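Structure first, commentary second.
Coordinate-derived values only; no laboratory data. On a predicted model such as this, the values are computed, not experimentally measured, just so you know. Methodologically, a virtual Cβ is constructed for each residue, glycine included, from the backbone with ideal geometry; neighbour enumeration extends over all protein chains shown.
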């Protein structure tokens, strides 16, 4: 599958995954919840295969970027009605 399509599909999962992780791990630290979200999304995107196929040439940079995206989605959710509910 085209990596960009797979990546965008994984990004589309973020709000739901974040909400589910928040519900399951609400008492945990933000860093622990972020790690759980990254683990789930990394599996969904199948990063290991993408690295092996040379679609990702800097796995650490990719993971850092994905972490920034998670932080951004959390910030948007926290600033929205979702957080107020």
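If you go through segment 31-48 and keep only what is closer than 17 Å to residue 11 by Cα and free of Cβ contacts under 8 Å to residues at least 12 places away in the same chain, you end up with 35, 39, 43, 48.
Looking only at segment 10-23, residues that are within 17 Å of residue 62 (Cα to Cα) and surrounded by fewer than 15 Cβ atoms within 10 Å (Cβ to Cβ) come to 1 in all.
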